[in-house]
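Here the structure comes first, spelled out in structure tokens, and everything after it is commentary.
What follows is calculated from the coordinates using simple rules that are stated; it is not laboratory data. Given the structure is predicted, the values throughout are model-derived calculations rather than measurements. So basically every Cβ, Gly included, is an ideal-geometry build from the backbone, and we count neighbours across all protein chains shown.
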Amino acid sequence: MRKEYNPNKDKPLPLNPFFHQVIVPIYIPLTVGYHRDSFNILKICLQSLFKTSHEKTFFTCINNGSGPEVREYLNQLLQEGQIQEVIHTENIGKVNSILKALNGHDFDLVTITDSDVLFLPGWQEEGYAMFKAFRKLAALSTSPNPRLLKFHTWNLILEFFFSKQLKFTPVEDPKSLKQFAESIGNPELFKPGHYEKNLTLTLGGKVGVLGAGHFVVTYRKELFEDFPLKFTKFKLGGKSEGRLDRLASQKGCWRLSTSKSFSLHMGNIEEPWMKSCLETISQTSFNPETLGLPPLDRTGKMGVFYANSILSKILSKGFILRKFLAFKGLDEKHISSY
């Protein structure tokens, strides 16, 4: 039996003070073996986020089947108001947990990050400046990776193929490239040329690097409109993360990275530099009232098709790619190994 009138019926939600969501999927089942340092690294990750993010940032942590220590820690952060949302699930996979975190929200920007990333001061400020300068930018990494210059960037290359705004320029932060290579256990990941030059686009006084990985990416919300992926059968890898990676280029938008690294990949082994770096970070004073992003521009469907289906095949041929790299200013000595 129901009596009286539900006071919440037809009542609008209060105005949301947040405009930037940060989603952190977390899977730490044990604190031994591969995961023996993962809990401490998670704490460093979240503390670096709290220090470097403004007050209108909405933190969502998805406990994707982690152990009781992690569950209790996240619940404590929620109770203290340091994070705004915790989702506890069994191990449903990284992308499925992200999909849960995306539903039921409406934020202008969404950052999806692994739980082993150390955020550096200025990552939001630089990100916002990039989105304002590049009106087609819809997916931005804060960790440049010149090895990925062809990773879903064909539509951008097509648009600026003959423009001097797209060219090879000196690498701004080679030390972070070396740090990333070591963090994934592959110190030889980058060749000498990668440490010297990367392909960049310069617009509105800002420089974006063609080469953006997926361990931390900020997306404009427009990319998730009519997002077809509702579920993936993979716990990790497969084609699941690729659906997120392709979103920008498939919708006629750009995928770029900042020219300087504003996030460091830590990996699964805690090292002294991590806490030392965290201790040097002061609480940010950056606190924008509004985001003020311009409308998102897009390439037309024919341009998207030509770039992703035709230009990508043409430039993927070795000798043509080498000609393109030379045309855009890469030194001859690095072309064969770039």
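Per-structure values
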{"read-out": "Estimated [θ] at 222 nm from DSSP helical runs (n ≥ 4, -39500 (n - 2.57)) normalised by residues in the chain, nearest 500", "value": "-9000 deg cm²/dmol"}
{"read-out": "Share antiparallel - DSSP beta bridges, the chain, percent rounded to 5", "value": "55"}
{"read-out": "Linear extension gain, residue 132 paired with residue 335, 0.36 nm per residue minus alpha-carbon span", "value": "69.8 nm"}
{"read-out": "Using alpha-carbon coordinates, inclination of helix 174-183 to the longest axis of the chain, degrees", "value": "60"}
{"read-out": "Principal-axis tilt of helix 38-52 within the chain, Cα atoms, nearest 10 degrees", "value": "80"}
{"read-out": "Packing-based exposure ordering (other Cβ within 10 Å, fewest first) of 61, 277, 45", "value": "277, 45, 61"}
{"read-out": "Likely footprinting exposure, 266, 302, fewest C-beta neighbours within 10 Å first", "value": "302, 266"}
{"read-out": "Which of 270, 279 has the fewest Cβ neighbours within 10 Å, and the rest in rising order", "value": "279, 270"}
{"read-out": "Sites residue 85 and residue 175 - FRET efficiency at Förster radius 45 Å, r taken between beta-carbons, to 0.05", "value": "0.80"}
{"read-out": "Cross-link pairs beyond the 32 Å C-alpha cut-off, checked among 56/164; 132/317; 260/333; 132/164; 94/328", "value": "56/164; 132/317; 94/328"}
{"read-out": "Gain on full stretching of the segment that runs from residue 30 to residue 302 - 0.36 nm per residue minus C-alpha separation", "value": "93.0 nm"}
{"read-out": "For the range 184-338: rounded, prolate or oblate by the Cα gyration tensor [a/c cutoff 1.5]", "value": "rounded"}
{"read-out": "FRET E, pair residue 287, residue 78, Förster distance 22 Å, beta-carbon r, rounded to 0.05", "value": "0.50"}
{"read-out": "Rotationally averaged projected area of the chain (alpha carbon convex hull; nm²)", "value": "20.3"}
{"read-out": "Principal-axis tilt of helix 318-327 within the chain, Cα atoms, nearest 10 degrees", "value": "90"}
{"read-out": "Using a Förster distance of 45 Å, the FRET efficiency for residue 106-residue 321 (Cβ separation, nearest 0.05)", "value": "0.65"}
